[in-house]
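Structure, as structure tokens:
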Amino acid sequence: MAADFGAKSTTEDVLAGVDLKGKRILVTGVSAGLGIETARALVAHGADVVGAARDLQKAKRATSEVSKVAAENGATFELVEFDLASLKSVRAAADKLVADGRLFDVVIANAGVMATPFGKTVDGFETQFGTNHLGHFVFVNRIAKLIKDGGRLVDLASSGHRFSDVDLNDPNFETAPYEPFVAYGRSKTANILFAVEFDRRHSDRGVRATAVHPGGIATELARYMPDGAIEAWIQQVQDQRAAAGEPPFEFKSVPEGAATSVWAGVVASADEVGGKYCEDCQVAELLPADSPVSAISRGVRSYALDPESAKALWKKSEEMVSETFAKKLSEMADPSRCARGLSLHRPLQQQPFKDAAPTSLTRTAFLNTYRFDGVQVAVNECVGRQLSDCLRIGQPLPDFDEQSSYVECRLSMPGKATEW
């Protein structure tokens with residue numbers, strides 16, 4: 001299927017003959033550019049789309065055509081407010097969606113900024129790393145429970161990842177001199193690594209994640225660049241290509257740019273794109289380590305797909321946002337993996353927890369109930385998502401040992417602290 005599409009394919013090309021009725025898809029960054037076109041193309045084929053944006057009034061104006069197309073095709077389009085530069089806003093938006101309870105088939109993390117002057121988010125993170133990576137990291141993880149089994153996450157990255165690997169020792173440029181495109185490169189590499197690790201953690205239930213580069217498109221993304229900078233850069237690129245005997249560089253249209261997001265989200269097979277970096281409606285080739293850096297050439301740097309780097313970034317991101325998210329499902333759901341010399345066995349019952357020992361228990365549909373060290377522990381159907389959402393016994397304090405195959409979790413109970 002991938003061979004049928006390429007750099008000039010549009011959203012309509014990749015969705016030709018595709019019926020998305022009954023699908024529910026979340027797209028962030030729908031107030032401009034790629035986000036608008038992505039939403040429009042999806043509702044045009046019957047999908048119900050939820051768009052997330054920082055400025056709701058701007059988004060409403062920008063997506064008026066999307067709402068019209070949705071109505072014409074028996075689909076729905078709605079907006080939610082969130083600001084990726086504020087974890088409070090991100091968490092509030094995620095909590096609102098979770099409270100609503102409706103599931104998503106696909107999440108497309110499209111929003112972002114590029115080459116901003118040095119600055120910090122509300123929470124004190126460097127603007128590009130905080131907005132492009134950490135905001136989506138928290139938002140997507142908090143709504144991961146809403147992604148249907150077999151669903152998909154599409155994380156918008158960029159060929160700009162080639163400007164820089166992540167720097168987990170200095171993510172906020174506290175010691176290194178700030179360079180806008182180095183910061184952008186770090187954030188885009190982080191987007192790819194996030195997709196790699198999210199894919200690993202959620203593939204047990206068929207949820208796959210992929211990162212995509214939309215291509216060079218003239219959109220609002222370049223709004224922070226100085227006047228004339230884009231034109232000067234294009235001229236430099238054209239001179240280089242002419243000297244090399246290559247054809248002139250051409251910007252993609254917005255429908256061409258959004259095509260890879262749509263292709264990776266609802267057209268390509270899950271195994272084809274899961275844990276990969278895609279461009280031009282294809283899975284990108286791995287670049288040799290000594291290949292020259294170019295923002296417009298094809299391919300992906302190996303550091304952006306390195307699984308150990310992806311795990312390290314995940315851990316560092318959790319530390320930075322002071323929030324812990326679930327391990328891989330198979331590493332959580334098997335009681336035989338638990339250690340500490342304590343008794344944990346199952347199943348006692350395939351029904352809700354009944355013995356009223358805990359101080360709080362809000363959910364009623366449980367996958368299994370375990371008896372552990374004389375105490376019943378209820379683990380609900382969300383096994384695999386953040387433990388604080390799954391275990392409602394007192395106040396759970398997740399603490400995952402990345403070097404072990406078991407899950408370590410402290411549960412504070414009335415008069416008793418227990419580990420498993």
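The values are calculated or read from the model by the stated rules, or taken from the named source; none is laboratory data. Just so it is clear, the structure is predicted and the values come from calculations on it, not from any experiment. Reconstructed Cβ throughout: ideal geometry from the backbone, glycine too, with neighbour counts over all protein chains shown.
Here Gly112 fulfils each of the conditions (1) in a helix (DSSP H, G or I); (2) buried (at least 19 other Cβ atoms within 10 Å of the Cβ); (3) not β-branched (Val, Ile, Thr) apart from (1).
Of all residues in region 80-109, which are among the polar types (S, T, N, Q) and not in a loop (DSSP other than H, G, I, E, B)?
Ser89
The condition of being loosely packed, with under 15 Cβ neighbours inside 10 Å and modelled with pLDDT of 75 or more holds for only one of Asp239, Asp227, that being Asp239. Filter region 171-186 down to residues that are out of contact with any strand residue (DSSP E or B) (no Cβ under 6 Å at 6 or more places or on another chain) and assigned to a loop (DSSP other than H, G, I, E, B), then give me how many there are. The number of residues fulfilling the criteria is 7.
Whether a residue is farther than 24 Å from Ile108 by Cα, out of contact with any Pro (no Cβ under 9 Å at 6 or more places or on another chain), at pLDDT 85 or above and part of a helix (DSSP H, G or I) was assessed, and Glu331 does not pass this test. Taking the conditions (1) surrounded by fewer than 19 Cβ atoms within 10 Å (Cβ to Cβ); (2) of a type outside the set (Lys, Arg); (3) more than 18 Å from Val90 (Cα to Cα); (4) in contact (Cβ under 8 Å) with a residue 40 or more places away in the chain in turn, Ser158 satisfies each one other than (1). How many of the residues in region 24-47 are touching a Lys or Arg at 6+ places or on another chain (Cβ under 8 Å) and of a type in the set (Lys, Arg)? Of the residues in that region, 1 qualify.
Do the conditions hold for Ser9, that is, is it under 21 Å from Val113 (Cβ atoms), touching a residue at least 24 places away in the same chain (Cβ under 8 Å) and surrounded by fewer than 24 Cβ atoms within 10 Å (Cβ to Cβ)? Against the criterion (under 21 Å from Val113 (Cβ atoms), touching a residue at least 24 places away in the same chain (Cβ under 8 Å) and surrounded by fewer than 24 Cβ atoms within 10 Å (Cβ to Cβ)), Ser9 does not qualify. Tell me, which residue of region 281-327 that is modelled with pLDDT of 95 or more and of a type in the set (Phe, Trp, Tyr) is farthest from Phe137 (Cα to Cα)? Checked region 281-327; the qualifying residue farthest from Phe137 (Cα to Cα) is Tyr303.
Which of (1) of a type in the set (Asp, Glu); (2) under 20 Å from the mean Cα position of the chain (by Cα); (3) surrounded by fewer than 21 Cβ atoms within 10 Å (Cβ to Cβ); (4) farther than 30 Å from Val122 by Cβ does Glu81 not meet, given it meets every other one? It fails just one condition, (4). Of all residues in region 74-92, those that are more than 21 Å from Lys23 (Cβ to Cβ) and free of Cβ contacts under 8 Å to residues at least 60 places away in the same chain total 11.
In this structure, is Ala52 outside any strand (DSSP E or B) and not acidic (Asp, Glu)? No: the conditions fail for Ala52.
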